[in-house]
Structure formats: C-alpha cells, structure tokens
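The values are calculated or read from the model by the stated rules, or taken from the named source; none is laboratory data. Only a predicted model underlies this, so the values are computations on that prediction, with no experimental measurement involved. Neighbour counts run over all protein chains shown; Cβ positions are idealised from the backbone, glycine included. Quick note on the areas: whole protein, heavy atoms, side chains included, nothing else; ligands and nucleic acids left out. Shrake-Rupley method; radii C 1.70, N 1.55, O 1.52, S 1.80 Å.
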Amino acid sequence: MAALCALAIACARTEQTANYDVIPLPQQIEVNESAPAFKLTASTVIAYPAGNEGLERDARFLSDYIGQLTGNILKVTDSAPEKDVINLRADLGGDNPEAYTITVTADAIEINGSTDAGTFYGVQTIRKSIPEAKKSDILFPAGTIADAPRFSYRGAHFDVSRHFFPADSVKSFIDMLALHNINTMHWHITDDQGWRIEIKNRPLLTELGSKRDGTVIGHNTGVYDSIPYGGFYTQEEARDIVKYAADRHITVIPEIDLPGHMLGALKAYPELGCTGGPYEVWQIWGVSEDVLCAGNDSTYKFIDDVLSEIVDIFPSEYIHVGGDECPKTRWKDCPKCQAKIKELGIKADEHGTKEEKLQSHVIHHASDFLASKGRKMIGWDETLEGGLAPGAIVMSWRGEEGGIEAARRGHDVIMTPNSYLYFDYYQTLDREKEPDAIGGYVPVEKVYSYEPIPSVLTEEEGKHIIGVQANLWTEYIPTYSQVEYMELPRMAALADVQWSSAPKDYKKFAARVPQLINHYKANGYNYAKHMFNVSGSLTPDMENHAIMLDLSTVDSAPIYYTLDGTEPTASSTQFTEPVKLTESTTVKAIAVRPSGNSELFVDSVSFNKATSHPVSLINEPHPRYKAKEGVTLADGKFGTNGYGNGDWVGFIGKDMIAVIDLEQPETVSEAIIRTCVATGDWVFDARAMKVEVSMDGNEFTTVASEDYAPMASSSNSIYTHNLKFEPVEARYVKVTVQPENIIPEWHGGAGRPGFVFVDEIELN
C-alpha cells in the first residue's frame, strides 16, 4: 500500500497556465477570465480534416511540440471527438493568407487559418504559450485570438559561402525560423570564398570553386591557417532542404551573387574574368576587384546556365542575383568591357557612370532571363545604380536610402539596413568575452526599435515596403553553435518587428522574452543573455563638469554597484537614482534575481581638463559615424575596438578639427588622441596631428604638431598619439587630426581617401 501511494505521488501531475503574450505578439487577444479554461492532458487529441495532408503535418508538428514541453505526445486523428480536442481548420477566408484565429473553450481549442499557413502560425502561438512544463497539465484560458502578420515577406538571411554548414544545420536554422513566424530563408550560396551549390552543366564550380586553401586568421591579419576548406550542397540535398522548409511554410530564396563576389566561379572558369586569371578562391574577407567580365558573351551564357538550374531546384517566386559590391576597376581597363559599352551606346549621366550602367545591363540580363522562367529578381540596393528592370525587388542594406529611392521609383522593397538588422555585428559593447564578430553594435533593443516604413515616404510609397529581413554573414562565424548565439534572442525582436503592429514598448517585449527562452532551452539553442544584464550610461553633465551614471535592467531587478573597483554583491550600494561622478572611476554592477545574478557590468570614465566641456567640430563628421559629435570627444569614455559602435567619430576626405572650450584659462602641456584602425574597412590611422591654443577663440597659436608615416601593412588596432609641449595658459584648445587622404599602394583601395576615427581628446 505504501508503495502504491509513493507511485501515485510520483506520477501526480501539476497544473500550469498558458500565456498568450507570445513572440511575435498577436494582433488581438481577448481572454474571458470568468469562463472555464481548456485543460490539456495526456488524453487530449489533435484533429485535422480528413484528406488535408498539410493540416495533418501541422497536427503532428503540434503533437511533437507539446510532447517536447510537457512529456505528452498527443494522438493525431482525422476523426474529431466533441471534447478534449484541439481542432485544426483552414477555412477562415479573408484577404491575408497567413491570418488565423484561435478560439478556446472548456471543451476545445480551435485553430482556424485562412490557409494551411495561417493554421501553422496559430499552431506556433499555441506552442509558444505553453510554459516548459514536464509532468504538468496545461490550462488554456478561455478566449479568442485574432491574428495576421504586418508584412508578407519576413526573412532571415544565412550565408553559407564564407563558412559552410551541412544540410542538417540548415534544417535546424529553418526550425528556428518557424519558431519565430519567419516565412523566408534567404540562402547566400555563392561568393568569393566558395561556391556552395551543384550546377550539373558547370561541374567545375563545385570541383574547384567550392574549395579554398586556407582561411585568414582574425581580421584580415595577413596570417592564414593553411587548412583546406570546402563543402557544397548537391542538388538533391538542396531540394530536400527546400521541401523541409516548405513543410514549415518557409520559402527558400537562393542568392547567386553577380557580377561581383565571383572568385569561386572564376577559379573554375577563368575565361569569365577580364584578365583570364589565374584566380584563387579567396582566403580573406572583403571585396575582390576580380569580377565577371561584362564584355564577354560567355559571361551571359554562364549566367543563363546557372540560373536555369537554380530555378529548377528552387520553386520560389523570387531569385536573388546579388548586385552588391562590384568594383568597376577591371571593367575600366578591359577592352571587351569598353567595347560592350560602345556597342550598347552607354553614356555616363547623373544616374551613373558608364561602368555602373554596364552593371545594370548585366543585372537586366539576369532579370530578363528569370522573367522568361516566370520568376522575379531581387537585388541589393546597388542594383539601383544605372537603372533597374521593371518588377525587380530591391533589398536595402546600406541604411534605408536605397529602399527609400526604390520605393519612390515604384519598386517593391525589403528593408534590411545594416545598422539595425546585421546579426553578424556584436550584441554588446563588452567584447572581451564575446566570440569574434565583424564589428558594429546591434543589441536586441536596437533591433526591436526598428520601424521598417520610413516616415519620409508617402502612404502610397510606403506600400512598396513589403518586408523586413535580418542578415547573417559568416566571415567570423565558423560553427553552427555561434550561428544560434548571434541570432538569438535578436531574432525574437526581429519577429515582433516583422509581424506585430502593436506600438513599441521594449520593457513589455523584454517581459515576454523569458517564456520564449524556455523554448530555446527545450530545443538546446545556444542563445545570448546580454539583454538581462545591467545596462548603464555615462552621460556628460556640462554644467557641473561631471559624468552622470545611470543603471537599469529590462525587468526592474535590483541593481547593486561599486565605484572602487571591487566586485559588487547584494550587500553593496543599491542603485536608486543617477550618480554624479567627478573623478576617474571604474563602475561595477550586477542585477540580483532569484534565478541568479546577472553577468558583471563594468565601465569606466577617465577625467582630464577637457572632460565634460563643450567641443565644437569645424568639419561635419561622416553622416553614418557622427556618434554624439563633439560630446563624444569629451565624455570621459574610451572607445572599444569597433569603430561603428557609437564610441568613435569618423571623418573621410576632411580633417577632424575640434575646438575645446575649457570655459576659463587653464594651463595645458599635453594633448592625447586615440584612433581606431581597421584597414580592411578603409579605416586608417592619423597622418598628422596639430595642437593650437587661444584665449579668445579667434586667434590661435600652434604649440605642437607631428606628421605620421603612412601605414605599411594591414592592421586592426587602437593607436594613441601624444603631443607634449611647453606649459601654456589657454581657454580654447584646437586639435586637428588629418586622415589618410591617399590610401597606400599595398591596399585594395589605393589612391582613394580613407577614414579616421577618434574617440576622446585628453588635455593635461
């Protein structure tokens, strides 16, 4: 008897309640708290209409999802009982094919979509409403959900060219998209670093073009691992992936990037290049000047051969043909290309150079070929240069400008600006513990803040914004585990941007994330946890010449901090209001939660005579790299190694000239600047620095200057320049920093101007 009682206790199941505030947030949720809930138990069945294979598949997906979370694998049937049932239907009707409703009563849950796809998204909502609840029955509150996506195109880009990922990993990526209601995988399968798709009538593309002799170590350091690297998908594997995605209502759009980014093809067929080669599959990252020869008739035959097999493998309405980052250097010197320009009667005008219009001719050819096969072309925003074929779709990645221009010209647009939606960028400013990334800074909150329809567009123009996509380039992402880490939970923020029309509220969004993270855990995903750490800001207070420290968390968890460099604990000072800092300080803080403490927040300020004093910039910074303009140069903060993270002010083609107003005469004898260098991105060290002083802000006297030699090799580092001079009394100090106006010969951008980035001016 005692044994039976023990067994009964061990087998007893608790009850947990589902929460419909999922990600992405449904458009309308109405809960009837006075009505009895539906109780999901091991005896519940999932029913679908007889003969509907799509809904039968969705029913089995739902059974698997529920089993993963609760331990109950529910019976799937085409004969629905009256009670204790989840009914799947697809006869809702309406204009939006992905719309669905969910109706919950004590007897049943009904999920009804406009199509099978709509029902599938209803399944995802039910799935995500379930807590991680092994050995628990689930109570679904009575009520209704009415939902449909804001955008018809909801994409995620996956680059498998820089680093190759086997078919099983691609399928895992697709499963991750399904969890987030994403309906398109943009598959980047060709590039300078490897051709990854079998083309049967061009076998050398994979025999030679899929392999490289090694891979650069770090950020274009010039050091290589000398380890042969390769991989490609057979057409059978690609078709299997396409079907796997289609079963989850996801379209796979392949990208054959042309006419640039083609070293994989040129290695295999060197006659397609302007010089004839020999060419090698690139071991480095960046942009090669060797591209398809636009004056060679065999190039157009090659494009047709490749695209004819691509449209046979991929049934998607759209095919992506790239069109980005295609240098015209070879074309300018190529007799065939110049002859083609003459043959076509191409003239330069305000819409583009001759070579840009020649690229437009290549893109038009690809677009026309796809149209002959009943398909439409997508291209990156560079395809606007020189004119774009009617009906072509523009993917705007260099900010929003290309998308705005395309919409105004009547082209449909997919917004994917790098400043918001490049998931190969860092997720945190604290990079010491992070896996390597390409640079930049795109935290979850910034992704969530993105509004895809620019306010400068008219209502009619705004209708051309048909979708949103986040991009993952894999130069610095060699493993699938890191793919997950870079995507999650930023993909959650992306999902809300793509799907929901609700007003933005980051704290409410963040409160929904932990429930989704239960699903990440159940699937074994490697996700980033930064958004639950302490966030801090150090803001100059110009009036008091101080720095104000502010700390926060997404969920208002208590924060404890120290200012003396010691590790904080729950016994340290609790943060309740902004703290005024007036001397060099290292701040450390943690958030304390019942589930455990957050990671340690660490930041610091360094005071000098310039800190929190007004700084005027004589020349405007580059519009993309303004940071906080002059304030950035006197905020007491040193930038980290990543020029695009908001810590640095960038200039190109003109000097950085900053005037610091010390607001009263001070004795100064030293000026220090720091520059962030990333030569692979055309970001160089200073070529000269000059310091001038003045009492009235009008007449300046030079007290120190120094010229620096041009950089002799590639580098990614932070450099410090220190100018000392005889002590002098001054109120105003002018610091001039000259950029590299002529990039050295050893660099791919030789002869062109380079950037200079400065983060802080110290005066002592």
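Average the reciprocal distances over every distinct pair of alpha-carbons in region 470-560, invert the result, and give the Kirkwood radius in Å.
One decimal place: 15.7 Å for the Kirkwood radius.
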Checklist outcome for this item: Note: probe point = Cα of K376 + 7 Å toward Cβ; backbone nitrogen < 17 Å; residues of region 236-279 passing the test are 251-255
Item to check | Cα-centre dipole for region 336-471 with unit charges at Cβ (Lys and Arg positive, Asp and Glu negative), debye to 20 | outcome: 740 debye
Item to check | Nearest-0.05 FRET efficiency for E237 and L204, computed from C-beta distance (R0 25 Å) | outcome: 0.85
Item to check | Whole-number accessible area per residue in Å² for the chain, which is evaluated in the context of all protein chains at 1.4 Å | outcome: 40 Å²
Checklist entry - Given the Cα-Cα distance of E432 and T275 and 0.36 nm per residue of separation, how much length would full extension add, in nm? => result 52.2 nm
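At a 1.4 Å probe radius, which order do K609, K628, K588 fall into by accessible area, largest first?
Values: K609 70, K628 135, K588 35 Å².
Result of the area sort, largest leading: K628, K609, K588.
Return the calculated 222 nm mean residue ellipticity for the chain, to the nearest 500 deg cm²/dmol, obtained by summing -39500 (n - 2.57) across DSSP H runs with n ≥ 4 and dividing by the residue count.
Details: 18 runs with 187 residues, N = 764.
Value at 222 nm, helices only, nearest 500: -7500 deg cm²/dmol.
Could you please put L179, L25 in sequence from largest to smallest accessible area, using a 1.4 Å probe?
Numbers: L179 0, L25 35 Å².
Solvent-accessible surface, decreasing: L25, L179.
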Item to check | Cβ-placed point charges (K, R +1; D, E -1), dipole of the chain about Cα centre in debye, nearest 20 | outcome: 1340 debye
Item to check | Label-reachable residues, region 667-682, where backbone N falls under 12 Å from a point 7 Å from N764's Cα toward its Cβ | outcome: 669-673
Checklist entry - What does the accessible area of M542 come to, in Å² to the nearest 10, when a probe of 1.4 Å is used? => result 60 Å²
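Determine the relative contact order of region 467-614: mean sequence separation of Cα pairs under 8 Å and six or more apart, normalised by residue count, in whole percent.
Values: 217 pairs, mean separation 28.6, N = 148.
Over region 467-614, the number comes to 19 percent.
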Item to check | R593 accessible area, 1.4 Å probe, all protein chains in place, Å² to nearest 10 | outcome: 40 Å²
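I want the local charge near V659. Using Cβ-Cβ distances under 13 Å, sum +1 for each Lys or Arg and -1 for each Asp or Glu among the other residues.
Working: positive: K690, R731, K734; negative: E629, D655, D661, E663, E692, D696, E699.
Surrounding charge for V659 is -4.
Can you give me the Kirkwood hydrodynamic radius for region 185-254, using every pair of distinct Cα atoms, in Å to one decimal?
13.7 Å
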Item to check | Net +/- balance of residues flanking D555 in space, Cβ distance below 12 Å, scoring K and R +1, D and E -1 | outcome: +4
Item to check | Accessible-area order (highest first, 1.4 angstrom probe) of the listed residues D707, D290, D213, D257 | outcome: D707, D213, D290, D257
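Given R₀ = 45 Å, what would the calculated FRET efficiency be for A712 paired with I618, taking r from the Cβ atoms and rounding to 0.05? Please report the intermediate quantities before stating the final value.
Working: r = 30 Å, r/R0 = 0.67.
Calculated value: 0.90.
What length, rounded to one decimal in nm, is gained on full extension from S669 through to S79, with 0.36 nm per residue of separation minus their alpha-carbon distance?
203.6 nm
How much net charge surrounds V31 when only other residues with a Cβ under 15 Å from its Cβ are counted (Lys, Arg +1; Asp, Glu -1)? It would help to have the intermediate numbers written out before the result.
Working: positive: none; negative: D21, E30, E33, D147.
With Lys, Arg at +1 and Asp, Glu at -1, the net is -4.
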Next on the checklist: Going 7 Å from the Cα of F638 along its beta-carbon direction, which residues of region 661-686 have the amide nitrogen within less than 16 Å of the resulting point?
Outcome noted: 671-677
Checklist outcome for this item: Once the dipole of the chain is set up from charges on Cβ (+1 Lys and Arg, -1 Asp and Glu), the residue from the list I29, P228, I102 lying farthest towards its positive end is I102
Checklist entry - Looking at C676, I618, P665, which one has the Cα that reaches farthest to the positive end of the dipole of region 579-684 (charges on Cβ: Lys, Arg +1; Asp, Glu -1)? => result C676
Checklist entry - What number, in percent, do you get for the relative contact order of region 1-143 if the mean sequence gap of Cα pairs under 8 Å and at least 6 apart is divided by its residue count? => result 35 percent
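Kindly work out what percent of the DSSP beta bridges joining two residues of region 83-142 are antiparallel, to the nearest 5.
Details: 5 of 10 bridges.
Of those bridges, close to 50 percent are antiparallel.
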Item to check | Area of R150 that stays accessible when all protein chains are in place (1.4 Å probe, Å², to 10) | outcome: 80 Å²
Item to check | Separation between Cα centres of region 283-324 and region 702-764, rounded to whole Å | outcome: 42 Å
Next on the checklist: Using only the alpha-carbon atoms, what does region 511-606 span along each of its principal axes? Please give whole angstrom values in decreasing order.
Outcome noted: 51, 27, 21
Next on the checklist: Using DSSP to call loops (not H, G, I, E or B), can you name the trypsin sites (Lys or Arg not before Pro) in region 267-367 whose Cβ has at most 12 other Cβ atoms within 10 angstrom?
Outcome noted: K347
Next on the checklist: Rg and Dmax in Å for region 620-731, alpha carbons only: what are they?
Outcome noted: 14.9, 43
Next on the checklist: Test of understanding: what is the full-extension gain from K347 to T573, defined as 0.36 nm times their sequence separation minus their Cα-Cα distance?
Outcome noted: 74.4 nm
Checklist outcome for this item: Loop-resident GluC sites (Glu not before Pro) in region 716-764 with no more than 14 other Cβ atoms inside 10 Å, DSSP not H/G/I/E/B, are E745
